[in-house]
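S.K.: I'd like to ask you about the structure that follows.
The values are calculated or read from the model by the stated rules, or taken from the named source; none is laboratory data. These numbers were taken from a predicted model, which means no experiment stands behind them. Here the Cβ positions follow ideal geometry from the backbone for every residue, glycine too, while neighbour counts run over all protein chains shown. Surface accessibility is based on the protein's heavy atoms, side chains included, excluding ligands, DNA and RNA. Shrake-Rupley method; radii C 1.70, N 1.55, O 1.52, S 1.80 Å.
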Amino acid sequence: MPTDPADGAVFVHHIDEPALGPVVVGEEQIRDRIATLGDEITRDYQGRAPLLICVLKGAFVFMADLARAIRLPLEVDFMAVSSYGASTKSSGVVRIVKDLDIDLTGRHVILVEDIVDSGLTLTYLRRNLAARQPASLDVCALFVRQGNQKTQEELRYVGFEIPPAFVLGYGLDVGERFRNLPYVCEFQGPA
Ligand code: IMP
């Protein structure tokens, strides 16, 4: 059985793969933090039914857990953007690959992001969603990479600030792989 990486003990990855480096955030830490975020959103949105917008594909695991940690009536919708292609470097170019189904007019929107790196994706998305006249618009990001932001975006809810290394798991991929890891670890392969 793998030991919980939060203990600092040796962690055996549940996939035998040399690209998987040290664990950055363990399964239990993620679970606990999402429970807290869910409590905060439940308290902050009392009397309102938020619309959670998942930015595919990276945020799908986070959003599924976050939605279940919020004790309010809510709705979900999905949007897909492409910013990196198959590489690990930001191109700065954001393209909507799949748009929302639900009209945002008058809705209390929470944009659910996997990780904010340069912040370029978020800046683009926030502007795009704000133009659709929601009643309110907050951002909930599971990870923020320390010191890399090129834009100053207000992030109302943040799970973890993480160090500079590229990470994988819990929805995050490299070349579409490793999204199914239940924890987040460093990527040790070629970028
Ligand atoms: P930004 O536009 O530079 O902030 O990049 C944000 C997007 O890049 C995220 O939504 C992810 O899809 C992807 N990304 C950034 N850092 C990582 C990482 O460490 N692992 C996997 N995907 C990442």
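S.K.: For the chain, modelled as a GNM with alpha-carbon contacts under 10 angstrom, which of Asp114, Asp65, Asp99 fluctuates the most?
M.R.: Asp99
S.K.: Could you do me a favour and compute the accessible area per residue for the chain, 1.4 Å probe, result in Å²?
M.R.: That works out to 49 Å² for each residue.
S.K.: Starting at the first residue of the range 16-24, write each ³J(HN,Hα) from the Karplus equation 6.51 cos²θ - 1.76 cosθ + 1.60 with θ = phi - 60°, in whole Hz, x for Gly and Pro.
M.R.: Per residue, the Karplus-derived 3J(HN,Hα) values read 7, 8, x, 6, 8, x, x, 6, 9 Hz.
S.K.: Rounded, prolate or oblate: which fits the range 124-181, taking a ≥ b ≥ c as square roots of the Cα gyration tensor eigenvalues, rounded meaning a/c under 1.5, else prolate when a/b beats b/c?
M.R.: prolate
S.K.: Checking the a/c ratio against 1.5 first, then a/b against b/c, what shape does the Cα gyration tensor give for the range 40-85?
M.R.: It is prolate, given that a/c is not under 1.5 and a/b is the larger ratio.
S.K.: Follow-up question, since we're still on this one. In the chain, what percent of the accessible surface is made up of carbon and sulfur (1.4 Å probe, ligands and nucleic acids excluded)?
M.R.: Roughly 51 percent, rounded to a whole number.
S.K.: Over the range 40-191, calculate the relative contact order: mean separation of alpha carbon pairs under 8 Å at least 6 apart, over the residue count, as a percent.
M.R.: Relative contact order, the range 40-191: 21 percent.
S.K.: Quick one: what are the phi-derived ³J(HN,Hα) couplings along the range 73-78, Karplus 6.51/-1.76/1.60 with θ = phi - 60°, whole Hz, x for glycine and proline?
M.R.: x, 8, 10, 10, 8, 10
S.K.: Given the convex hull over the Cα atoms of the chain, what projected area results after averaging over all orientations, in nm²?
M.R.: Directional mean of the projected Cα hull area for the chain stands at 10.7 nm².
S.K.: Just name one of Leu125, Phe187, Leu155: the one whose Cα is farthest towards the positive end of the charge dipole of the range 97-191 (beta-carbon charges, Lys/Arg +1, Asp/Glu -1).
M.R.: Leu125
S.K.: Sticking with this one: Given +1 on the Cβ of Lys and Arg, -1 on the Cβ of Asp and Glu, and no further charges, what dipole in debye does the chain carry about its Cα centre, rounded to the nearest 20?
M.R.: Once rounded to the nearest 20, the dipole reads 640 debye.
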